[in-house]
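Take a look at the structure below.
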Amino acid sequence: MSEVLACQVEILDGSTVSIDVNKRARAEYLFTEVFRHLGLEETDYFGLQFEDHKHVIHWVDPLKPIRKQMKRGPYNFVFRVKLYPVDPAYLFDDATKYFLSLQVKEDLLDQKLVCSEATRAKLFSYLVQENMVTMMQQSMEPPEFKQKILDQHKTNRGLLPAECDKKFLEMACRLERYGMDMHRVTDIASVNLWIGVTARGLTVYFGEWPHLLALNNFPWVRIAAVNFKNKSLMLEMVSLPEYQYCSS
């Protein structure tokens, strides 16, 4: 039996990296090699995912051996953004900005990032500006919407690719579902809901994907603890201070 796991990692730009990992080594070796190959310095924002035999997506734990997380091959992984920075303007590594931009573009095309039609057209116009017309065509947008994109594109003439990335991320990071990881849940009344997790907190949604209605929001500063037991999720909230009002 081979002592080496032949790992394939799909990168956000569509390329694939092949890395051999000792079957007893922790997954952090795979992380290190991927980050080295991509020239990433701000590595905390990124992670690796795999799909198990039940088609469930998991994040790879770098502190555990791959064989402990994947019982059998093929050992295929996907490189993704795991933690979206609240404000991408504070990133210093150009490689981080580049791969974050690719991830957000993928979220936009997959309708994970939902916004008004006008905002969507403006965001798409930056993709066209970066010679990413193929991505726009793959989104199967109607002709009327594509015309709106081309109209917005005319206002972007002269922008360099790096400037397009900057403007794209500046607009995208202000959207409600930017960097949101969505999970289907059922409440105590058996109503199907969604929970969106971001760096800002948790948001509860109702409706059918992708047209969801936000019901409640729980900022992390208000959450004292998150408990998960017997398939039940419970939040312990921080009590708000009581104010006494005096009449004059």
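Structure notes:
- Members of segment 28-45 that are assigned to a loop (DSSP other than H, G, I, E, B) and within 18 Å of the chain's Cα centre (by Cα): Leu40, Glu42
- Scoring Gln8 on the criteria (1) of a type outside the set (D, E, K, R); (2) under 19 Å from Asp93 (Cβ atoms); (3) open to solvent by less than 80 Å² (accessible area, probe 1.4 Å); (4) touching a strand residue (DSSP E or B) at 6+ places or on another chain (Cβ under 6 Å) leaves a single failure, condition (2).
- Subset of segment 121-133 that is open to solvent by 10 Å² or more (accessible area, probe 1.4 Å) and modelled with pLDDT under 90 - its residue that is nearest to Lys167 (Cα to Cα): Tyr126
Residue-wise test of (1) assigned to a strand (DSSP E or B); (2) under 20 Å from Phe124 (Cα atoms); (3) within 18 Å of the chain's Cα centre (by Cα).
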| residue | (1), (2), (3) |
| --- | --- |
| Asp61 | no, no, yes |
| Arg67 | no, no, no |
| Arg72 | no, no, no |
| Phe77 | yes, no, yes |
| Leu83 | no, no, yes |
| Val86 | no, no, yes |
| Lys97 | no, yes, yes |
| Leu100 | no, yes, yes |
| Val104 | no, yes, yes |
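Yes/no per residue for (1) among the β-branched types (Val, Ile, Thr); (2) surrounded by 18 or more Cβ atoms within 10 Å (Cβ to Cβ); (3) touching a residue at least 60 places away in the same chain (Cβ under 8 Å):
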residue	(1), (2), (3)
Ala25	no, no, no
Tyr45	no, yes, no
Phe50	no, yes, no
Gly73	no, no, yes
Ala89	no, no, yes
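- Answer from Asp13, Asp20, Asp61 - the residue that is open to solvent by 40 Å² or more (accessible area, probe 1.4 Å), of a type in the set (Asp, Glu) and modelled with pLDDT under 95: Asp13
- Selection of segment 156-208 for residues being part of a loop (DSSP other than H, G, I, E, B), charged (D, E, K, R) and surrounded by 14 or more Cβ atoms within 10 Å (Cβ to Cβ) yields Glu176, Arg177, Arg200.
- Selection status of Val238, over 21 Å from Val114 (Cβ atoms), without any contact (Cβ under 8 Å) to a residue 60 or more places away in the chain and of a type in the set (A, V, I, L, M): yes
- Within segment 29-43, considering residues that are modelled with pLDDT of 95 or more and open to solvent by 70 Å² or more (accessible area, probe 1.4 Å), the one farthest from Phe92 (Cα to Cα): Tyr29
The values are calculated or read from the model by the stated rules, or taken from the named source; none is laboratory data. All values derive from a computational prediction rather than experimental measurement. FYI the Cβ positions are ideal-geometry reconstructions off the backbone, even for glycines, and counts take in every protein chain you see. To get the accessible areas, we keep the full protein, side chains included, count just its heavy atoms, and leave off ligands, DNA and RNA. Shrake-Rupley method; radii C 1.70, N 1.55, O 1.52, S 1.80 Å.
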